[in-house]
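Participant: Handing you a structure now.
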Amino acid sequence: MENSTEKNVTLKDIAEAMQVSIVTVSNALAGRSGVGEGLRMEIEKKAQEMGYRRKTRREKRPSSKSRVYRAGMRIGVTVEGKILKKYTSFYWEMYQRVVVAASALGCFVSLEVLTDEQERRQEMPLLVGDEGIGGLIILGMPEKAYLRKLCQTAVCPVLFLDFVDDELPCDAVISNGFHGMYQMTNYLIDLGHTEIGFIGNYLATGSIMDRYQGFCKSLLEHGISENREWILSDRDPATGKVGIRLPDRLPTAFVCNCDFTAGMAAELLAEAGYRIPEDISLVGFDDFLVGGSLQGKLTTYAVDMDAMAHQGLKLLLRRINEGAQERTVRMVDGKMVIRQSARRLEK
């Protein structure tokens, strides 16, 4: 096997020669943890003897579009475990939509859940170094330093789904949080509400900031002053701990940055003796709420997950096909879903 030509040597060849797994070879050559120093040196030596050379991104790009639709192309998806725990319904559903969209294109999807320990130790997911992956989708936004290292390490094109980072040159697909929350706030104002609060830490993510700015635009256009006492945080961005603290005097309505937060707010308000929507109106964003008193009752903005999954795969496959080009960010509109959590104020 040592006589194999450079272009034909793969991780599988090296793994067979060393009688170890492909994952072990990948970790060793990428410098990741989990491989003893002695074995790492042996693998690196064997790879050099066999003429293995790690391909660059440019070398990995196909020269024609035929690769995109060939049967069996693998697309990787990574998501943080802590996000799945908190927002199981939304992100698991988004992943399933990606699987369906990929299947329609003749592609398969491999999922890897990132642990807190991986992020803390800056350990890269296995999919990042998997040469059998044509492209990688990052679902939900990991910690910034970890995300930067992940993008620099990946041997294939990377796409961000449901978030965007302007400091990294990766394509992205996001929901139109700005316009969506603008519509939701307009709806409350049309119902006669002028005392409106916002629940969500707008410094935590770009998506929440977009939604907060949509809320602010609506207030400004209607000549309503923002009351800072009614701008409530729903999480600690440093620790990830969720929680809401109600002010002494409440508005007549709250716009919540997501349905999960709306559910938390509803429980807290109920404990304080308030009824929804009789005493306080609530609206959310996502159209994914699992359990709680507002399930099936929350007025919200439904994210078009099918369109996001389709647009994401379309961008990723174009990047695989065409290589270098300007970064593209696609914004997907959703729609309002009117239910029973907001009421019209009596004049």
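Participant: Looking only at the range 98-146, count every residue that is in a helix (DSSP H, G or I), closer than 19 Å to residue 318 by Cα and not hydrophobic (A, V, I, L, M, F, W, C) and tell me the total.
Facilitator: 1
Participant: Only one residue in 129, 135 is of a type outside the set (A, V, I, L, M, F, W, C) and at pLDDT 90 or above. Which one?
Facilitator: On the way: 129 fails: at pLDDT 90 or above.
Answer to the selection: 135.
Participant: If you don't mind, another one. Restricting the search to the range 123-145, which residues are surrounded by fewer than 18 Cβ atoms within 10 Å (Cβ to Cβ) and of a type outside the set (D, E, K, R)?
Facilitator: Matches in the range 123-145: 132, 145.
Each row is one residue, and each column tells you yes or no for (1) outside any loop (DSSP other than H, G, I, E, B); (2) under 27 Å from the mean Cα position of the chain (by Cα); (3) modelled with pLDDT of 55 or more; (4) within 23 Å of residue 149 (Cβ to Cβ).
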position	(1), (2), (3), (4)
4	no, no, no, no
28	yes, no, yes, yes
38	yes, no, yes, no
52	no, no, yes, no
93	yes, yes, yes, no
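Participant: Here's a follow-up. For the range 193-247, how many residues are assigned to a helix (DSSP H, G or I) and under 14 Å from residue 182 (Cα atoms)? Spell out how you get there, then give the answer.
Facilitator: In the first step, residues of the range 193-247 are kept if they are assigned to a helix (DSSP H, G or I); the result is 206-221, 228-230.
Narrowing the set further to residues that are under 14 Å from residue 182 (Cα atoms) leaves 207-221.
Selection size over the range 193-247: 15.
The values are calculated or read from the model by the stated rules, or taken from the named source; none is laboratory data. Everything numeric here is computed off the predicted structure, so don't read it as measured data. Positions of Cβ are backbone-derived with ideal geometry, glycine not excepted, and every protein chain shown enters the neighbour counts.
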